[in-house]
1. Identify, please: which residue in the stretch 202-222 is in a loop (DSSP other than H, G, I, E, B) and away from the ligand (no atom under 14 Å from the Cβ) and is, among those, surrounded by the fewest Cβ atoms within 10 Å (Cβ to Cβ)?
2. Give the residue, chosen from 174, 180, that is at pLDDT 95 or above, under 14 Å from the mean Cα position of the chain (by Cα) and either away from the ligand (no atom under 11 Å from the Cβ) or in a strand (DSSP E or B) (or both).
3. Tell me the residue from 236, 246 that is buried (at least 19 other Cβ atoms within 10 Å of the Cβ), more than 12 Å from the ligand (Cβ to nearest atom) and at pLDDT 95 or above, please.
4. Going by the conditions given, is residue 284 surrounded by fewer than 22 Cβ atoms within 10 Å (Cβ to Cβ), at negative phi and at pLDDT 90 or above?
5. How many residues does the stretch 21-68 hold that are part of a loop (DSSP other than H, G, I, E, B) and closer than 20 Å to residue 126 by Cα?
6. If I ask for residues that are part of a loop (DSSP other than H, G, I, E, B), without any contact (Cβ under 8 Å) to a residue 60 or more places away in the chain and in contact with a helix residue (DSSP H, G or I) (Cβ under 9 Å, 6 or more places away or on another chain), which ones from the stretch 69-107 would you list?
7. Given the options 248, 202, 282, 225, name the one that is within 16 Å of the chain's Cα centre (by Cα) and closer than 19 Å to residue 12 by Cα.
8. Output yes when any residue across the stretch 115-128 is more than 20 Å from residue 46 (Cα to Cα), surrounded by 15 or more Cβ atoms within 10 Å (Cβ to Cβ) and either modelled with pLDDT of 95 or more or in contact with a strand residue (DSSP E or B) (Cβ under 9 Å, 6 or more places away or on another chain) (or both), and no when none is.
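The values are calculated or read from the model by the stated rules, or taken from the named source; none is laboratory data. Note that the structure is predicted; figures quoted are calculated from it, not measured. Cβ coordinates were reconstructed from backbone atoms using ideal geometry, including for glycine residues, and neighbour counts include every protein chain displayed.
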Ligand code: SD4
């Protein structure tokens, strides 16, 4: 069959190229999703992944990443510092250990023992942004959980093309699906905060009989709904990838409204999905989410369909 790769956001375009190069030469989807997202991890211009990712409230760049294949093999790292390619560390855990998830210092030590070199991931630009945030009103402790919608209105993360996690799902020529997800998480998060990206079933999920999914956006809301697992299960029941992503977005919004302490903001969550026949789709809570698809020799960036009109929801709540 024809290989396909789908990934989140504009930085997915270059990542797709690297992944597709592997797939078109008969490589497997696990290699493809690792190599693909490494492009974003290495890129200092991408402020939400790997090198150059924005730090937490204490000024520490802490990375989360996970990878999963069609045999339900998983590797995941949580809150790891000074390792430029956490996705490769996650892959190493998948390949070489009986475990699935390593966190913090343990993940770091395991990386060094296996030949990873420690390096500072803070760039001049990310340090400058951190200092600006520290000097601003929004660094008051009660406002440390940054509001995606406010950021978007300020033409910050969602408006300048430097946004959000990269999640990727690929199917190779033999119909095998894998997924990866890697992020520096929410900028200015509390130190130790973990989002959805390294959580199996939330940030990503694969079932070899069905397909895979991955997510981006406010991780707390995705974890609450087990978003990626939900999508794969709905595809198993016969929904198309786009229908399944939409249904998961509806669940995310429903659970947010049920649980939220503060309804005066509108968060973003976006999902991508790909089944093992090569059909794909995406859906998001609100406008602005983009995803890139490399299929049939073309690599195209799409605007995702979304559920909620921002003006409507803000007035309505
Ligand atoms: C997280 N989903 O840590 C990731 C990061 C992201 O908008 O995509 N933030 O919650």
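1. Of the stretch 202-222, the ones in a loop (DSSP other than H, G, I, E, B) are 202-203, 208-210, 218.
Right, trim to away from the ligand (no atom under 14 Å from the Cβ) and you get 208-210.
Values: 208: 15, 209: 11, 210: 22.
For the stretch 202-222, the residue satisfying everything is 209.
2. 180
3. 246
4. Values: surrounded by fewer than 22 Cβ atoms within 10 Å (Cβ to Cβ): no; at negative phi: yes; at pLDDT 90 or above: yes.
For residue 284, the condition - surrounded by fewer than 22 Cβ atoms within 10 Å (Cβ to Cβ), at negative phi and at pLDDT 90 or above - is not met.
5. Within the stretch 21-68, the first condition is being part of a loop (DSSP other than H, G, I, E, B), and the residues that meet it are 25-28, 43-62.
Going one step further and asking which of them are closer than 20 Å to residue 126 by Cα, we end up with 43-62.
Of the residues in the stretch 21-68, 20 are part of a loop (DSSP other than H, G, I, E, B) and closer than 20 Å to residue 126 by Cα.
6. Going through the stretch 69-107, the residues part of a loop (DSSP other than H, G, I, E, B) turn out to be 69-73, 81-85, 97-100.
Cutting the leftovers down to without any contact (Cβ under 8 Å) to a residue 60 or more places away in the chain gives us 73, 81-85, 97-99.
Once the filter is applied, which keeps residues that are part of a loop (DSSP other than H, G, I, E, B), without any contact (Cβ under 8 Å) to a residue 60 or more places away in the chain and in contact with a helix residue (DSSP H, G or I) (Cβ under 9 Å, 6 or more places away or on another chain), the stretch 69-107 yields 73, 81, 82, 83, 84, 85, 97, 99.
7. Details: 248 fails: closer than 19 Å to residue 12 by Cα; 202 fails: closer than 19 Å to residue 12 by Cα; 225 fails: closer than 19 Å to residue 12 by Cα.
Result: 282 is the single residue among 248, 202, 282, 225 that is within 16 Å of the chain's Cα centre (by Cα) and closer than 19 Å to residue 12 by Cα.
8. Yes, that holds for at least one residue.
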